[in-house]
Every structure is written in C-alpha cells, then in structure tokens.
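The values are calculated or read from the model by the stated rules, or taken from the named source; none is laboratory data. Please read all numbers here as calculations on a predicted model, not as lab measurements. Cβ atoms come from the backbone with ideal geometry, glycine included; neighbour counts cover every protein chain shown. Accessible surface is based on the protein model in full, side chains and every heavy atom, while ligands, DNA and RNA are left aside. Shrake-Rupley method; radii C 1.70, N 1.55, O 1.52, S 1.80 Å.
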Amino acid sequence: MIVTAGWNLEVDDPSRIHGAETAARLAGLTAGLAARDVAACELAAVELATNLTRYADAGRLLINAFGPEPGMVQLVAVDKGPGIGDVGASMVDGYSTTGDSLGAGLGACRRIAAVFDLYSLPGQGTAVLVQIGRVDAAEPAVRVGGVVTPHPAETAIGDGWGAVRSGDLLTLAVVDGLGHGVKAADARHVALETVRRRPDAEPQGMLDELDAALRGTRGAAGAVAQVDTRSGGMRFGGVGNLTARLHRGPRVDVLVSRPGILGMGKRPRSYERGPVPWTDPGMLVVSTDGVGGWDLGRYPGVERRHPAIAAALIWRDAWRGTDDATVVVASRSPARGTA
C-alpha cells in the first residue's frame, strides 16, 4: 500500500461540493478503480462534503489515492464543529440534527465503503473515514493508516508513506522529499518504490538502499519502522526531520531520527534502534515536519478506532499549513466498531 496522490480540500460552502466530487473521481482513476468504485468515491465525497457545509467548523476533506493498481481511495472528513451527540442515531437514514435534510449521508457512506469508521467528541469535532477499493480482507496483527496532504500551493505531493508486508514482517516507511512540488514528488516516488520492492529489508539496510536510490534526485528525509508481528519486536531507523513516538499506555518512547538527507551520501552510518518490545496494545505515530506538536491524550478512546482516524485528528490539530504534511499511525489495538 503506497500513497500515489493527495488532495486537501477546504469545504466551507456548498459551492465546494463539486470540487470535492471531482477530486474523488480523479483519486479513483489514479488508483485504477473500477467504474463502480469510482462512482462510489464521488458519492462519498458529496455526502461528506455536504455534511461539512451543514454542520462543521473549519471542515476539510482529505483524499488519498493508494497503489499499486487496482488500489484504494481514502476519504477523511475532519472538522472542529459541535461533534455528534448520538453517533448511533446519526447512522440511521432519515436522521438529521437540523431537520432540513434527509440525513442519509453517513449511512450511505458506510454502505458503500470497504472500511468505514467515525470518531466524534461533543464540542471538539468529528473525523469520518471512508475507504473504497482494495483493502486487506483479513484483520492484521498490526493495522496501519495515515493521511498525506500536499503543500497548499502545489498539486504534486512531496511527502508519502507506504506499508508492505512479507510473512510476519510489516515494514512502514515515511518519506519527505526535500522542499515541495514536482521535484520533491519525484524523490518521494523513487523512495517508496524502493521500499515496495524490498518488503523484508531491515531499517538499516533499507535506509542504505534509499540513500543510493535517491542520488540524482533532490533527496529526502525518511524513516523506516519494521515490526515482527510474531515476536513483537520493532526496529526503527530515521534520517532527517521527522517525529516518531511509540505510545504504550502511559509510556512514550521517542524514536530519534539522525540528522542528514537521504540521497546526499553524508548521513551517519548507524541510525537503527531496536528491537523495541511491542507486544502490548499501543500506537506508533510518525509525522513529517509539515505537522507541529501533538498529544494523543487529546483523543480519548482513539486507540479503538482505525489508525487513519488518529492520523487525521493529529493532522487536523497540528497541520502547519506551510508544507507537505504526513501523519501515519500503526496500532496493535483491534477495531471495536463505531462508537
């Protein structure tokens, strides 16, 4: 699963709904989805955007396309509105908090989604996740989700992330192409394709390969985390300005990335940490420098949600608005259903 494109859409007026529908269609085509699934992406975008215009404050629709084809499209609506007082009732067709709509939006999104999840706190806002297309049929031991948005003045995304599985190994990579725009996107693409071809490489070896592959590009910051789902050990290595933390209950391990730029041949030779024990429930969070400081304690119960929900909430509250931005979350906690 590799990010190939991203959109960050402000939805503060009904005139923005058509733009959301268009972006969802482009995402579906980029991901190589079948016509039926492309139409589902458009419908989900319209329903989510409509809800944002009616009920939300500072509402945004984050759309990502994933490959390789046929891939998956992810739509996440985030806002800082009043929240949903009764989530269960809001999923029933015909429900409306204002009485001026059919209230079928969230129920429709849940029906067409391969993955659907929702998190809401009264007075603090809501995040709604819809994934359409190819997703893992089996529940993995470690789930991964994230959001990526481009620089506000660009359409090409210089950040990206990918997760590849090989037997009991899950390898998660987050990259930040130097600067932004097309050249940063080229570096991001080279890095993630290198990861996709080597799902079993340990972080030290993978970062060496990334350093070699990125020569001739602008270069990138990058982090690689590899989890052995059988033994429960995790290895981590990073180069450049990224933030990574492993949350296990009250304990938080800061995973330090070394100074440097992949592709420049000047990084330190030793930058791997591990194995770090990770057999208990917990969440690994990795973010690029387009995201500021964050605190998972602001989101009680988020560990029971899909990790993309946690990533979107962090993005909503910590996005700097001046660069490409990525937040990725890996979680050992299984899904518990919408609540």
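Ordering GLY71, GLY59, PRO14 by Cα displacement along the dipole of the chain toward the positive end leaves GLY71 in first place; charges were set at the Cβ atoms of Lys, Arg (+1) and Asp, Glu (-1).
Translational diffusion of the chain, estimated by Stokes-Einstein from the Kirkwood radius over alpha carbon pairs at 4 °C in a medium of 1.567 mPa s, is 65 µm² per second.
Excluding ligands, DNA and RNA, the accessible surface per residue across region 164-243 is 37 Å² with a 1.4 Å probe. Ignoring trypsin sites (Lys or Arg not before Pro) that are buried or in helix or strand per DSSP, and keeping those with at most 14 other beta carbon atoms within 10 Å, what is the longest stretch of the chain between them? No qualifying site falls inside 1-229, the longest such stretch. Taking only protein heavy atoms and a 1.4 Å probe, the accessible area of the chain is 51% carbon and sulfur.
If you bin all the Cα-Cα distances of region 32-74 at 10 Å, starting from zero, the percentages per bin are 26, 46, 23, 6. A Förster radius of 35 Å combined with the Cβ-Cβ distance from ASP12 to GLU69 puts the calculated FRET efficiency at roughly 0.60. Full extension of the segment from THR22 to SER231, taken as 0.36 nm per residue of separation minus the current Cα-Cα distance, would add 70.8 nm.
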